[in-house]
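Quick notes on the structure that follows.
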Amino acid sequence: MHFERSSGVLLHISSLPSRGVIGDLGPAAYEFVRFLAEARQHIWQVLPLSPTGYGSSPYASSSAFAGNPSLISLDLLADWGWIDRARLGALPATTGPVDFDQVEQLKLPLLHDAAAGFLDRAAHEPALAEQHHHFEAFCQSQSAWLHDYALYAVLRRHFNTGAWTQWPAPLRRRESHALAQAAQEHARDIGIEKALQFAFSQQWNQLRATAASHKIRILGDIAIFVNMDSADVWVHPELFELDSDLQPMRVAGVPPDYFSATGQRWGNPLYRWDILAARGFDWWIERMRRAVQLYDIVRLDHFRGFEAYWAIPAAEETAINGEWVKAPGLSLFHALEAALGPLPLIAEDLGLITPEVDELRLQLGMPGMKVLQFGFSDKGAHIHLPHGFAPATVAYTGTHDNDTTTGWWSTASATERAAAEALLGPIPQQDGTDRPVWPMIRAAMGSVAQIAIAPAQDLLELGSDARMNTPSIPTGNWCWRAPADRWTQDVAARLAALAEVTDRDNDPLESGA
C-alpha cells in the first residue's frame, strides 16, 4: 500500500488534558484536531482504543473488538442529556498523570449511571428516542461480538476474581444453560455495557469525521496477540493454545533485545493457527473488519509475529527459554484481502527482523518503521537513519516504547551524541540546555519516508518524566497526559512551515495498492 507523503503526531486519547483523571473523546480531542490542522499535519496516530487490562496497557486488552469506556467524554454525555452536568463538577482537574484507580472509582460509576439513565428514559423522552433507535441498530450491526463482550464485562465485575479462568466452571466453560441464566440475571447491566459501547462508537465516529473534514486520517494500532483475561479467549478458547483446564500452555513475548536482557514475557496465549487456517481465518477477518471500521490506517504491532513468533513455555518466568515458531504469513493476509479488499496497513517491524520477515512485508507491499533514536549507536543501527530509508517507510523520532527524545539525549552515550551531531549538526541550546528535538523532527520529515511521525512529547520538548511506556516494566506506564494550553500557535506554525518545506502538507489517503 502506498501512502502520499505526509506527517503527523502520536498522541493517545488517554493523554489528552481532559476533565476527569483521564483523556477522553471530548473537547480537548477536538482542540487537538484543530491544532493538527493549523500545523498542516494529516495523520493522528493513537494507541489501541480497546479496554485496558493488566497494568492498564492498551496492548493487554480485555477485548479485541470493544472500545475503552474510560475514554468516553462525560461532557458529551451531558450534552446528549444522558447525565446531569452538575454531577461532573466533583471530577478532578484536567491535567496531571492518569490515575487508573481514580478512573475506576470516580469516572466509571458516572458512566454507568449515564448509560442507565439513557436506557431508562429513552422510551419517554423524544430527545433520546432517536438516539435509542441508533443504539438498537448499533447492537444489531455489532452482534458478532457485542453481547459476548458485555456479558464478559459484567461477569468480570460481578465475580471480582481477576480472570475468567477463576469463574464457576459452568460459566468458565460456557455451558449454554449457565450463559442463559447469567444473561437473564444480569440483563440490565449487560444493557448498560452495550450502551457504553454505543456511546464510545458515537463519540469516536464524530471525532473521526471532524478529523476527516480537516483531511486528517487516524492511524490506529492493533496488537497481534490478545490478553488471556479477555472476552476473546473466553468466547473462543479453541483458537488458543490452552490445556484441558483452560490454562495457556505457551505464551507470547520476544527474546532478549534492545529493551531487555531477559527478553519480554508478555504472557498472551498463542493462537492455534492450524485451527484458524482450517476456518478460513474467520476470527481474524472479523478483527480486521472492526479495525478498518475504527481507523483509516492500521499499524500492525509486532508484525514479525505473523512470520514467526517467540513461544515461551507458560511455566517460564522470563522470555529467555522460548523458541521461534512459524506463523501463517501470506496465507493469513491473502484471506484478509479476499474478504475485505486492499487494506491500509503499516508493519511495526522493529526488533529482531530476519530476511523472511522483510520478504513477507515486501510481498504484502506494507511500509515498515524506522526510529531515529535507534540509529546512532553503531554502524548496524544506521538502517534507522534517513540515508538508509526506502520511501515505503514510516519514520519516527521515537515511539510510545521509547524515552522522549529529550530524555534519550540526556542519557545518550558519547558515541551516540557524536554521531547525532555529525548528522544533525550542532545541537542547539537554550538557557544552557541542549534542545535535540527539532533537529530530529527535521531529519524525519526531510527524509524520503512516505510518513513521518513525532510523539506529542517531542513536539513539546518534554523529558523522561513524560515517557509513555518502558517495556519490561509492568507498572507505572501509560499515565502521561499532555499539559493544558501547550498546543500553541507558535508550535503549530513551526510544524506547518516544516511540513510545507518538506512537501508533507498533503492528504495521506493511499494512492493505490
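Rule-based calculations on the coordinates, nothing more; no lab input. Bear in mind the structure is a predicted one, so any value in this text is a computation, not a measurement. Every residue, glycine among them, receives a Cβ derived from its backbone with ideal geometry; neighbour counts consider all protein chains shown.
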| Which percent, to the nearest 5, of DSSP beta bridges fully inside region 283-409 are antiparallel? | 35
| note | In terms of the charge dipole of the chain, which places +1 on Lys and Arg and -1 on Asp and Glu at the beta carbon, the residue among Gly89, His132, His158 farthest towards the positive end is His132
| query | Can you give the charge dipole size of region 348-438 about its Cα centre, rounded to the nearest 20 debye, using +1 on the beta carbon of Lys and Arg and -1 on the beta carbon of Asp and Glu? | reply | 220
| message | I want to check the label-to-label distance for Ser464 and Asp503. Put each point 7 Å from Cα in the C-beta direction and report it in nm to one decimal. | response | 4.0
| request: Mind giving me the FRET efficiency for Ala180 and Glu323? R0 is 60 Å, r the Cβ-Cβ distance, nearest 0.05 is fine. | output: 0.90
| Hey, got the dipole for region 66-124? About the Cα centre, +1 on K and R Cβ, -1 on D and E Cβ, debye to the nearest 20? | 140
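Please compute the length gained on full extension between Gln489 and His124, using 0.36 nm multiplied by the number of residues separating them and subtracting their Cα-Cα distance.
126.8 nm
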| query | Which peptide among 323-336, 50-63 comes first, and what is the full order, when sorted by highest mean count of other Cβ atoms within 10 Å? | reply | 50-63, 323-336
| query | Between Arg272 and Ala93, what is the FRET efficiency for a Förster distance of 51 Å, r being their Cβ-Cβ separation, to the nearest 0.05? | reply | 0.60
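Report the gain in length on full extension from His134 to His158: 0.36 nm times residue separation, minus Cα-Cα distance, nm rounded to one decimal. Can you show the working numbers first?
Working: separation 24, 0.36 × 24 = 8.64 nm, distance 2.84 nm.
Between His134 and His158, full extension yields an extra 5.8 nm.
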| said: Given the DSSP H assignment, sum -39500 (n - 2.57) over each helix run of at least 4 residues in the chain and divide by its residue total; what's the result at 222 nm in deg cm²/dmol, nearest 500? | reply: -11500 deg cm²/dmol
| note | Note: Arg34 to Asp245 extended length (0.36 nm per residue) minus current alpha-carbon separation gives 70.8 nm
| remark: Note: region 223-267, point scatterers on Cα, Debye, no solvent; log10 I/I(0) at q = 0.23, 0.25, 0.27, 0.31 Å⁻¹ equals -0.81, -0.89, -0.97, -1.15
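Would you mind checking Lys194/Lys215; Lys326/Lys370; Lys194/Lys370 for any pair whose Cα atoms are more than 28 angstrom apart?
Values: Lys194/Lys215 31 Å; Lys326/Lys370 24 Å; Lys194/Lys370 39 Å.
Those over the limit are Lys194/Lys215; Lys194/Lys370.
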| said: Give me the one-decimal nm value for the distance between modelled label points at Asp101 and Ser377, 7 Å along each residue's Cα-to-Cβ direction. | reply: 3.5
| field | Given charges at beta-carbon only (K, R positive; D, E negative), |dipole| of region 75-164 in Debye | value | 180
